[in-house]
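Notes for the one structure printed next.
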Amino acid sequence: MSKKTNTYEKIRTSLKREAVIAYSPIIRIYLLFIAAYYILVTSNHFSSESGWGLVGFASLSIFSSIAAILLSNSFKDNTSFTKLEIVGAIGNTLLLINLQYYYMLSYDSDRLVYYILMVIITSISSVSRRLGVASCILTLACMFITIQRYEPSLLQTYVYIGAASAIAALGVSALFRKTIFNVLDAKLYAANQKEIAVAAAEKATHLAITDSLTRLPNRRNFFDLLAQHSSHPPKKGRWAVLMIDLDGFKPVNDGYGHQVGDKLLVAVAERLKKELPGTASLARIGGDEFAALIAITSGDEMASAGQRICDVMKTPFNVDRVVVHVGASVGVASQTSVDMPLQDVLENADFALFRAKRKSKGQCAVFTPSDAGKMKRTFQIDQALRRCDLEEELTVVYQPQFNIIEKRVTGYESLARWKSSELGDVSPGEFIAVAESSGMITQVTQVLLKKALKDFQDWPFDISLSFNLSMHDILNHKAVDDILEIARRSGISPNRICFEITESVVMGDVAKATQALRRLTDAGHEIALDDFGTGYSNFEYLHRLPVQKIKIDRSFVRNVAARERSSQIIATMISLVRSLNKECIIEGVETEAEFAAVQLLGASNVQGYYCGRPMSAENVMLLEAEIVEMHKAMSG
Ligand code: C2E
Ligand code: CA
Ligand code: CA
C-alpha cells in the first residue's frame with residue numbers, strides 16, 4: 001500500500017515538475033508581452049495625456065512593465081508549481097489594476113471589450129484551473145462594478161457576454177492544459193517504462209553474472225574480470241590466480257543431501273572471503289570449484305596464500321548441526337610478465353591444481369617452469385590425438401596374468417599403445433590422461449576394445465581378457481551401452497571378459513560407479529579393481545562393490561623380498577581380499593625374488609615382467625601354441 005502511494009506521489013511530483021518546465025516559457029512570454037505592451041502604452045500616454053493624468057497613467061504603466069520584466073526573470077525551470085501560479089496571478093493582477101485604473105479615470109463603454117479580452121488572455125495563460133477561475137471571477141467582478149457605476153443599463157447585456165466569454169475561455173484553457181498534461185503524462189509514462197526496462201535489464205545482467213547460491217561472481221563474470229585486469233597491472237606487484245577445488249564435497253552432497261551441500265558451499269565461500277586479502281576477487285566457477293584473483297609481490301606470498309586456504313579448509317564445518325569434513329586442493333600461478341594474459345595464468349593455475357590433486361589431496365601446488373613443459377607436451381598430445389586416425393595408429397599389446405596354483409597363464413591384460421605419426425611412441429600413461437580430459441577417451445576405448453576382442457576371438461577358451469576402462473567410460477550411461485554392445489557383438493562369452501577400473505575412479509563417485517559396474521556384471525562380465533592401495537583404500541566399501549578381482553598395486557611389490565613392512569602389507573591385503581571372497585592379483589612382479597616372496601605370502605595370481613612383458617597378439621598366439629605343445633609333450 002505504502003509502496004503504491006509512494007509511486008503515486010512520485011508520479012505526481014514528476015508531473016508537476018514537468019508542468020513547470022512546459023509552462024515556464026509560456027508564462028515568461030506572457031509577462032514579456034505585458035512588459036512590451038505597457039512600454040508601448042507609456043509612450044502613448046505621453047502623447048495623449050498631460051498633467052496629473054500623465055503622471056498617474058505613466059507611473060502605473062512604467063511600474064507594470066518593470067514589474068513584468070522582473071517577474072519574468074524571477075523563476076527558473078526548476079521553480080515550484082505554486083510559485084509559477086503566484087507569478088501568473090501577479091501578472092493577471094497587474095493587467096487588471098491597469099484596466100481598472102483606466103476605467104476609474106475615463107469610462108468608455110466601447111472599451112468594455114478589454115475586460116472580455118482579459119478574461120480570455122488570463123484564462124488561457126493560467127497554469128492551473130484555480131488560477132484561471134479566480135482570474136475570470138476577479139475580472140468579471142471588476143467589469144460589473146465598473147458598469148454598475150457608470151452605465152447600469154448595460155449590466156444585463158454584459159452579464160451574458162461576460163458569462164459566455166468566461167465559460168468559453170475556461171473551456172479552451174482547460175482543453176489547452178489537458179493537451180499539455182496528456183503530452184507530459186505520455187512522456188512520463190515512457191520515461192517510467194524505460195526506467196523499469198533498464199532496471200530489469202540490470203537485474204538480468206546481475207543474475208547472469210552472479211552465482212545465486214553464494215552471491216559470488218560466477219564463471220562467466222570471473223573470465224570477464226580476468227580479461228579486464230589483463231591490461232591493468234595492480235598498484236603493486238603482479239596478478240596471481242588461485243584455483244580452489246574442494247576435496248570430498250561429493251560424498252557430503254550425496255550422503256547428507258543437497259540442502260546441506262548448498263549450505264556447505266555458502267559456508268566455504270564465507271571462509272574463503274575471510275581468508276583472502278580484502279582486495280582479492282573471489283568467484284565460484286563450478287560446482288565445488290572456486291577461483292580468486294589476487295595481487296602479489298612475491299612467489300612466496302602466492303604460495304602461502306594458497307597454503308593458508310588449504311589449512312583453513314581442514315577445520316570442519318558445522319552445517320545444520322552436522323559436522324562436515326571437507327578439504328581443499330589449491331593450484332596457484334602468477335603472471336611471469338605484467339602483460340601476460342590472465343587467461344593463461346588461469347590455465348597454469350588449473351594445471352597446478354591438477355597436479356595438487358594427483359599428488360595428495362588438501363595440498364597447494366605452485367605452477368613451475370617444468371609444468372610449462374608438461375603443459376606444452378599435453379597440448380601436443382591433445383592436438384596429435386585429435387588429428388590422427390585412431391584405427392590406424394592405436395594398437396593393443398597383452399600382458400600375461402599367471403596363476404601360481406594352476407601354474408599357468410589364465411588371462412591377459414590388454415594394454416594400449418600409440419605410435420603417433422607426429423610424436424612417435426606415446427605411453428598410455430600420457431595419452432590416456434589427455435584423452436580423458438579432452439573427452440576423446442570414449443572413442444579411444446571403443447577402438448581399443450574392438451581391436452582387443454578381435455585378437456581375443458582366436459585364443460583358447462580357458463583364457464580370459466582384462467580390459468582397462470576409464471572414469472568417463474563408466475560414468476557415462478551411453479558409453480557403458482556402447483561397451484556392452486561391442487562386447488555382445490564379438491560373440492565372446494561375457495564371463496571371459498573382465499573390465500578393470502581403478503580404485504580412485506570408483507571412490508570418486510561410489511554410487512554412480514557401482515551402478516555402472518552392476519550393469520557390466522549383470523551382462524555377465526567380471527570386474528577387477530585396479531591399482532588397489534594407491535587411493536582411498538576404503539575397505540568399508542570393498543565388500544559392497546560388485547567386483548570379483550582386486551589388483552594390488554605394483555608399488556607394494558617393490559622391495560617385498562627385502563623389506564618386512566612391504567611383506568606385511570601385502571599379506572594383510574591378500575587375507576583381506578580373500579575374506580571378502582574375491583580374487584587377488586599382485587601386480588608388478590619383476591624378479592624371481594619378488595615372485596618367491598609373494599608366493600610365500602599366499603598370492604595365487606601375479607602379473608609382471610617376471611611372468612611376461614606386454615606382447616603383441618601374434619606373440620600371444622605363439623606362446624599359447626608353445627604351451628599346448630609343452631602340455632602335449634608332458635602328457636605324451
Ligand atoms: P595398469 O592398468 O596398471 O597397467 C599395468 C601397467 O604396468 C602397464 O603399463 C604395464 O606395462 C606395467 N607393468 C606390468 N608389469 C610391470 C612390472 O613388472 N614392472 C613395472 N614397472 N611395470 C609393469 P602401461 O602399459 O604403460 O600402462 C600404464 C597404464 O595406462 C595402465 O596401468 C592403465 O592405467 C593405462 N592403460 C593402458 N592401456 C589402457 C587402455 O587400453 N585403456 C585405459 N583406459 N587405460 C589404459
Ligand atoms: Ca589395469
Ligand atoms: Ca594396475
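The values are calculated or read from the model by the stated rules, or taken from the named source; none is laboratory data. Being a predicted model, the structure only gives us computed values, none of them experimental. Glycine gets a Cβ as well: all are built from the backbone with ideal geometry, and neighbour counts include every protein chain shown. Ligands, DNA and RNA are excluded from the accessible area calculation, which covers all protein heavy atoms including side chains. Shrake-Rupley method; radii C 1.70, N 1.55, O 1.52, S 1.80 Å.
Assorted remarks:
- A convex hull fitted to the Cα coordinates of the range 513-626 yields 129 cubic angstrom per residue.
- If you wrap the Cα atoms of the range 324-364 in a convex hull and average its projected area over all directions, you get 3.3 nm².
- Between the Cα long axis of helix 113-125 and the first principal axis of the chain there is an angle of about 10°, rounded to the nearest 10.
- With each label modelled as a point 7 angstrom along the Cα→C-beta vector, the V113-R220 pair spans 7.3 nm.
- For the range 25-36, backbone phi angles converted through the Karplus equation (6.51, -1.76, 1.60; θ = phi - 60°) give residue-by-residue couplings of x, 5, 5, 4, 5, 4, 5, 5, 5, 4, 4, 4 Hz, Gly and Pro being listed as x.
- In the chain, the longest principal axis of the Cα atoms and the axis of helix 342-359 are about 40 degrees apart.
- Viscosity 1.567 mPa s, 4 °C: Kirkwood-radius Stokes-Einstein D of the range 67-134 over Cα pairs, µm²/s: 99
- Projecting the alpha carbon convex hull of the range 276-325 along each direction and taking the average yields 4.4 nm².
- Annotation: extensible slack from T297 through D425 equals 41.8 nm (criterion: 0.36 nm per residue apart, minus Cα-Cα distance).
- Modelled FRET efficiency - R0 56 Å, L54 with A186, Cβ distances, 0.05 increments: 0.60
- Using the Cα coordinates of the chain, the gyration tensor eigenvalues translate into equivalent-ellipsoid semi-axes of 100, 25, 22 Å, sorted from longest to shortest.
- Normalised alpha carbon radius of gyration of the range 575-634 [divisor 2.2 N^0.38 Å]: 1.39
- Prolate/oblate/rounded call for the range 339-404, Cα gyration tensor, a/c under 1.5 rounded: oblate
- Gyration tensor verdict on the range 182-332 (Cα atoms; rounded if a/c is under 1.5, prolate if a/b is larger than b/c, oblate otherwise): oblate
- Sequentially through the range 282-289, phi angles give Karplus couplings (6.51, -1.76, 1.60; θ = phi - 60°) of 9, 9, 9, 10, x, x, 10, 10 Hz, Gly and Pro residues having no value and appearing as x.
- The range 368-501, accessible surface, carbon-and-sulfur percent (1.4 angstrom probe): 54
- Distant-in-sequence amide contacts of S420, defined by a placed amide H-H separation under 5 Å and a gap of 5 or more residues or a different chain, comprise D425, V426.
- The range 153-221: trypsin sites (Lys or Arg not before Pro) falling in loop per DSSP and having at most 14 other Cβ within 10 Å: R215
- Taken along the Cα-to-beta-carbon direction at a fixed 7 Å, the label points for K194 and R563 span 7.7 nm.
- 19 Å reach of a label modelled at R149, 7 Å along Cα-to-Cβ, counting backbone N of the range 37-68: 52-61
- For trypsin sites (Lys or Arg not before Pro), the sites in the range 380-437 that DSSP calls loop and that have at most 15 other Cβ atoms within 10 Å are K407.
- Longest segment of the chain lacking GluC sites (Glu not before Pro) that sit in a DSSP loop with at most 13 other Cβ atoms within 10 Å: 1-405
- The range 8-165 shape via C-alpha gyration tensor axes, a/c threshold 1.5: oblate
- FRET efficiency for N581 and Y609, using Cβ-Cβ distance with R0 set to 30 Å, rounded to 0.05: 0.55
- Accessible-area ranking of V366, V241, largest first, probe 1.4 Å: V366, V241
- Taking a point 7 Å from the Cα of E347 along the Cα-to-Cβ direction, the residues of the range 227-259 with backbone N closer than 20 Å to it are 227-232, 239-244.
- Distance from the C-alpha centroid of the range 474-494 to that of the range 369-384: 32 Å, rounded to the whole angstrom.
- Around the amide H of I585, modelled in the peptide plane, lie the amide H atoms of I550, K551, I552, all under 5 Å away and 5 or more residues distant in sequence or on another chain.
- Trypsin sites (Lys or Arg not before Pro) within the range 41-137: DSSP coil, no more than 16 neighbouring Cβ in 10 Å: K76
- Integer Hz, Karplus 6.51/-1.76/1.60 couplings in order for the range 578-593, x for Gly and Pro: 5, 5, 8, 6, 10, 8, 10, 10, 8, 8, x, 7, 9, 10, 5, 4
- What you get for the chain, charging only the Cβ of Lys and Arg (+1) and of Asp and Glu (-1), is a dipole of about 2840 debye around the Cα centre.
- Accessible area (Å², per residue) of the chain, counting only protein heavy atoms and a probe of 1.4 Å: 52
- Note on V338 and E275: the extension gain reaches 20.1 nm, defined as 0.36 nm multiplied by sequence separation minus the Cα-Cα distance.
- In the assembled protein chains, M440 presents an accessible area of approximately 20 Å² (probe radius 1.4 Å).
- Protein-only accessible surface order, largest first, of T179, T93, T79 at 1.4 Å: T179, T93, T79
- Against the chain, whose longest principal axis is taken from its Cα atoms, helix 617-635 shows a tilt of about 30°.
- Amide hydrogen neighbours beyond the local backbone of C364, cut-off 5 Å, H modeled: V330
- For the range 240-297, the spherically averaged projection of the C-alpha convex hull amounts to 3.9 nm².
- Accessible surface of I569 - all protein chains present, 1.4 Å probe, nearest 10 Å²: 50
- Estimated Rh, the range 294-370: Kirkwood, alpha-carbon pairs, angstrom: 13.4
- Rg(Cα)/(2.2 N^0.38 Å) for the range 482-566, N = residue count: 1.26
- Accessible surface comparison of M615, M302, probe 1.4 Å, protein chains only, largest first: the order is M615, M302.
- Near F351, once Lys and Arg are set to +1 and Asp and Glu to -1 for all other residues with Cβ below 12 Å from its Cβ, the sum equals +2.
- The range 339-420, relative contact order in percent, only Cα pairs under 8 angstrom and at least six apart counted: 19
- Once the Cβ-Cβ distance of H543 and Q443 is raised to the sixth power relative to R0 = 41 Å, the FRET efficiency obtained is 0.75.
- Subtracting the Cα-Cα distance of S304 and I62 from 0.36 nm times their residue separation leaves 78.5 nm of extension gain.
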